[in-house]
Amino acid sequence: MENNIKLSEVVGTGKDGRILKEDILDYLAKQTGAILPPSPELEIIPPPPKAEPSPALAKTEPRVATKPVTKPVVFTGKDRTEPVKGFQKAMVKTMSAALKIPHFGYCDEIDVSQLVQLRQDIKASSEARGIKLSFMPFFLKATSLGLLQYPVLNASVDENCQNITYKASHNIGIAMDTQQGLIVPNVKNVQSLSIFEIAAELNRLQTLGSTGQLGTTELTGGTFTLSNIGTIGGTYAKPVIMPPEVAIGAVGKIQVLPRFNSKGEVTKAHIMNVSWSADHRIIDGATMSRFSNLWKSYLENPASMLLDLK
């Protein structure tokens, strides 16, 4: 099918459990994200596998790096109209609901120099155990520790905003750009996982996402979302809340920039920006600011997380 939907995972609401068009769109709406449009298919064709040189030629013929081949753009000079469908149509529904929420934003700058060094120190050990260690596990764990202190950010509200449900589990979604578009799987129960366990789960989700095999278990039940726009190259963003969640964060790329230390000396620092959006109906600016400051403290001094890890 167009969006690689497993019909066995779609709950039918029609007569005798028949799957209606609305059921398909609702299913897609739960999978689509909040920031980027779907990625165009076949925009970049990966290079073919390199042939290993024979022993006889290995010393005489230098290896030439193969560059990715980009698909040429054909200019037709004509306007084109096409129907909104698939993930784009689901995104229309999700964003229409999201933009009914009064958003407010909060941004800050974080010096992650110590975190960069810590990751470098333990990266090889993680890879030796078969797990790729990025910065995201640290971001997710710091988020979970912050949500323990400010549970209103891990809540949901009903449609009329009459009741708040505080979620016990920290199921933190991570926006993931795929061939099918932007989808948001979530890592379940981050509050109970170690950083290594979070990394292992992220590895699994990324593998499933790249092959289009993420199911409803991975794509539903999120309570908070964190998007890493830095993998594409941005610094600041204005992330859109995914209802029924009440907050979302976006982290930018890490840049090496000059900063002043405590002695007034100019030093090299690894700087990252974070952008938060929150539902202003139930979250005030002071709460978001205090949560962000706590999250920042964990990442600027990652050893401090050890005091709160379980």
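Assorted remarks:
- Residue in the stretch 82-95 that is in contact with a Gly (Cβ under 6 Å, 6 or more places away or on another chain) and open to solvent by less than 40 Å² (accessible area, probe 1.4 Å) present: yes
- In this entry, Asn160 passes the filter for residues that are within 22 Å of Ser277 (Cβ to Cβ), more than 21 Å from the chain's Cα centre (by Cα) and open to solvent by 10 Å² or more (accessible area, probe 1.4 Å).
- Count of the stretch 266-303 residues which are among the small types (Gly, Ala, Ser) and in a strand (DSSP E or B): 4
- Residue selection: Glu109 satisfies the criterion of being surrounded by 10 or more Cβ atoms within 10 Å (Cβ to Cβ), on the phi < 0 side of the Ramachandran plot and modelled with pLDDT of 90 or more.
- Test: residue in the stretch 147-162 that is farther than 29 Å from Thr217 by Cβ and of a type in the set (Gly, Ala, Ser): no
- The set of residues in the stretch 255-292 that are closer than 21 Å to Val240 by Cα, in contact with a strand residue (DSSP E or B) (Cβ under 8 Å, 6 or more places away or on another chain) and open to solvent by 70 Å² or more (accessible area, probe 1.4 Å) comprises His280, Arg281.
- Within the stretch 90-119, the residues that satisfy the criterion of being within 18 Å of the chain's Cα centre (by Cα) and assigned to a helix (DSSP H, G or I) are Met91, Thr94, Met95, Ala98.
- If the condition is being touching a helix residue (DSSP H, G or I) at 6+ places or on another chain (Cβ under 7 Å) and either open to solvent by 40 Å² or more (accessible area, probe 1.4 Å) or small (Gly, Ala, Ser) (or both), then the stretch 203-232 contributes Gly215, Thr216, Thr220, Asn228.
- Test: residue in the stretch 132-148 that is surrounded by fewer than 16 Cβ atoms within 10 Å (Cβ to Cβ) and part of a helix (DSSP H, G or I): yes
The values are calculated or read from the model by the stated rules, or taken from the named source; none is laboratory data. Owing to the predicted nature of the structure, the values given are computational and were not obtained by experimental measurement. We place every Cβ from the backbone using ideal geometry, glycine too, and count neighbours over all the protein chains shown. Each accessible area value is taken on the protein alone, full model and side chains, heavy atoms only, with ligands, DNA and RNA left out. Shrake-Rupley method; radii C 1.70, N 1.55, O 1.52, S 1.80 Å.
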